[in-house]
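The values are calculated or read from the model by the stated rules, or taken from the named source; none is laboratory data. No experiment lies behind these values; they were computed from the predicted model shown. Cβ placement follows ideal geometry from the backbone for every residue including glycine, while neighbour counts extend to all protein chains displayed. Keep in mind that these areas ignore ligands, DNA and RNA; they rest on the heavy atoms of the full protein, side chains included. Shrake-Rupley method; radii C 1.70, N 1.55, O 1.52, S 1.80 Å.
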Amino acid sequence: MHTIAFYNLKGGVGKTSAAVNMAWHAARWKHRSVVWDLDPQGAASFYLGVDGERSYKAGTLVKGKQPIGRLKVPTRWEGLEVIPADISLRNLDLKLAEAGGRSTLKHLIEPLGEQSSLVLLDCPPTLSPVAEQIFAAADYLLVPVIPTHLSLRAFQQVRDWLDQKQYRSLKVLPFFNMVDRRRLLHVEMLVKPPALMKGGLKTWIPYSTHVEQMGEHRAPVGEFAPNTPAARAYRNLWFEMADKLKL
Ligand SMILES: Nc1ncnc2c1ncn2[C@@H]1O[C@H](COP(=O)(O)OP(=O)(O)OP(=O)(O)O)[C@@H](O)[C@H]1O
Ligand SMILES: [Mg+2]
C-alpha cells in the first residue's frame, strides 16, 4: 500500500481537485483506492458524490475503538472508496495530541492496506499537529503550487518546516496547478522553474473551467469532460505518479 497526501499550507490551491482526480484514475487502472477526506469542510466527499451519511467521532477513532475499515463508503466508481469527512475532525488535532507520539495517524491508516493499494489523504491547509501526523504517515506529499510568488512562499514554509522536523521517508513532490499561459509569470516559471520546485512532478495542470465544474457534476473531470486539456493533465499526473510507484 502507498499513502499519498495532497497537502499545502496554502488554501485553495487545488489539493482536493488533484486528490479526487488521481484516485479516480488509479481506480480505473484497477488499483483499489481510498480517499480519506481529512478536511472537515468535506469537499472531497462532496466531489465523489458522498454526503457524510455515516458520522464518526475523531476521538473514538484515535483511541482505536472504531475500526477504520468500517468508515469506508463506496462511490459510484468501482474500486474507489471514500472515508467521508466528519465535522468532529475539527477536534482531530486535539485527539491526536492526547494520544501522543507522531505515528498515531500512520497506525490508523495501516489496516486500509488489507484491501486497497492506494490511500489518498485530502488534507486541510494547516501546519497543525494533524499536518505533522500526515507527514509521518505519508510516503509521498503532493503539493499543488500556483505559479505565483505567494504560493511559492507558502511552499517554502512547508519545506523549511519539513527540513527542521526531518521526516526521512517522506518524498515531497510539488507540481504547478492553475497554470495560465497568457500570464507572463506563469510562462516564466514553467520555462525556468524556481529551485524550490526541483525534484517535483513534470506534469502541470492548466487553469480550466472544467475543474471548477467538478462541483456541479460531483465527479472527476475525466468523467464529464474527458477530452479536455484539464482531463489530460490529470491523467498525465496519474501516469507520472504511477511510474514513481512502479504500478
Ligand atoms: N486547475 C484548475 N483550474 C481552475 N480552477 C481550479 C483548478 N484547480 C482547482 N480549481 C478551483 O479552485 C478552487 C480550490 O480548489 P480545491 O478545492 O481543489 O483546492 P484546495 O487546495 O483543496 O482548497 P482548500 O485549501 O480549501 O481545501 C475550487 O473552486 C476549484 O474548482
Ligand atoms: Mg481541499
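Using Cα pairs under 8 angstrom and six or more residues apart, how large is the relative contact order of the chain, in percent? Don't skip to the answer; put the middle values down first.
Details: 450 pairs, mean separation 64.2, N = 247.
RCO, the chain: 26 percent.
Whole angstrom only: what separates the Cα centroid of region 25-92 from the Cα centroid of region 200-247?
21
Does the chain come out rounded, prolate or oblate, given a ≥ b ≥ c as the square roots of the eigenvalues of its C-alpha gyration tensor, rounded meaning a/c under 1.5 and, failing that, prolate meaning a/b above b/c?
Working: a/c = 1.72, a/b = 1.25, b/c = 1.38.
Oblate is the answer for the chain, as a/c is 1.5 or above yet b/c matches or exceeds a/b.
Hey, got a sec? Which chymotrypsin sites (Phe, Trp or Tyr not before Pro) in region 47-96 land in a DSSP loop and have at most 13 other Cβ atoms within 10 Å?
Working: sites: Tyr47, Tyr56, Trp77; in loops: Tyr56, Trp77.
Answer by residue number: there is no such site.
Could you please state how large a percent of the accessible area of the chain is carbon and sulfur, counting protein chains only and using a 1.4 Å probe?
Numbers: 5820 of 11600 Å².
Ligands and nucleic acids excluded, carbon and sulfur give 50 percent.
Looking at the square roots a ≥ b ≥ c of the eigenvalues of the Cα gyration tensor of region 54-154, which shape do they give, rounded for a/c under 1.5, prolate if a/b is larger than b/c, or oblate?
In terms of gyration-tensor shape, oblate.
Straight distance only, please: which lysines reach the Cα of Lys165 with their own Cα at less than 18 Å, same-chain residues fewer than 8 apart left out?
Excluding near neighbours in sequence, the set is Lys106.
Taking GluC sites (Glu not before Pro) as candidate sites, keep only those in a DSSP loop with at most 11 other Cβ atoms within 10 Å, then name the longest stretch of the chain containing none of them. If you can, show how the numbers build up before the last one.
Values: sites that count: Glu53, Glu78.
Formally, the longest exposed-site-free interval is 79-247.
Helix-only mean residue ellipticity at 222 nm, the chain, DSSP H runs n ≥ 4 weighted -39,500 (n - 2.57), per residue, nearest 500. What is it?
One gets -11000 deg cm²/dmol as the mean residue ellipticity at 222 nm.
At 1.4 Å probe size, put Trp204, Trp36 in order of accessible surface, largest to smallest.
The most accessible residue leads, giving Trp204, Trp36.
Hey, what's region 120-235 come to in accessible area per residue, 1.4 Å probe, Å²?
On a per-residue basis, region 120-235 sits at 49 Å².
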